[in-house]
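Have a look at the structure below before the remarks.
Quick note: the coordinates plus some simple rules give every number you see, no bench work behind them. On a predicted model such as this, the values are computed, not experimentally measured, just so you know. Every residue, glycine as well, gets a Cβ built from its backbone with ideal geometry; the counts of neighbours run over all protein chains shown.
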Amino acid sequence: MQNIELKERLLDYRSKEAFKMLRTNIEFTGGDLKVICITSCTPNEGKSNISFEVAKSYAQLGKKVLLVDADLRKSVMRQRHKKGKVRLGLVNFLVGKCEFEEALCSTDEKNLYMIFSGPVPPNPSELLSNKRFTEMIEKAREEYDMVIIDTPPLGSVIDAAVISKCCDGAVIVIAAGNVSYRFARKIKEQLEVAECRILGCVLNKVDLSGKSYYGKYYGSYYGQYYGNYGE
């Protein structure tokens, strides 16, 4: 039982350190970053979870952070991070049914605010390309220290490329062993066509059990430096 608890604490520590490192790496790409979007190649690569954790990591630094759930087609943010019914969201704002402040939700995390996607619309790409979205992002630039936008997978729909035009940079989440090099390169090229600065990639869902290449490398690394953590 003690060994299980120790492993869980070690995994939690690794995760926290990984998100701190990701936040630091984003900061090192330049001081002009205020709005970034996070996308992936395919569904289920973990981009929404990474968007939330990165936003939380910035909030823990004392920065005022806005996390925008712009995955209008298949959002998972509401189920994971909101207790109770979301009355108004991004879609309601984009169609002119509410104002920016009405769609805004506070969270249990100090300094972190969220706008959930809202009801599923029939025309997500058109909504995201209208001037209300651009105006919202410009308003958020003035009121927040950091704006993180969770977007749909770029390999499935074009929404992320549309959103990226309003952003200072993009991060691509890639699940280990999930997509081919050629497919990932295609996603990169789509962002380049949209003239979006690519900040880098996050390799997610790495098997650290020791059975894979990444597991052997990172498993020994963490074992060497954090093996006695919590003892």
Links that overshoot a 28 Å alpha carbon limit, given the list 63/165; 16/97; 139/186; 97/205; 47/186; 165/186:
16/97; 139/186; 97/205
Whole-Hz ³J(HN,Hα) from phi, Karplus 6.51 cos²θ - 1.76 cosθ + 1.60, for region 40-57, glycine and proline x:
8, 7, 9, x, 6, 9, x, 5, 5, 5, 5, 4, 5, 5, 5, 4, 5, 5
Going toward the positive end of the dipole of region 101-183, with +1 on Lys and Arg Cβ and -1 on Asp and Glu Cβ, which of 163, 179, 129 do you reach last?
179
Can you list the HN-Hα couplings for region 183-198, worked out from phi with the Karplus curve (6.51, -1.76, 1.60; θ = phi - 60°), rounded to whole Hz and with x for Gly and Pro?
5, 4, 5, 5, 5, 4, 5, 5, 5, 5, 4, 7, 6, 9, 6, 8
Values of log10 I(q)/I(0), in the order q = 0.08, 0.11, 0.16 Å⁻¹, for region 28-226 under a Debye, Cα-only, solvent-free model
-0.27, -0.51, -1.03
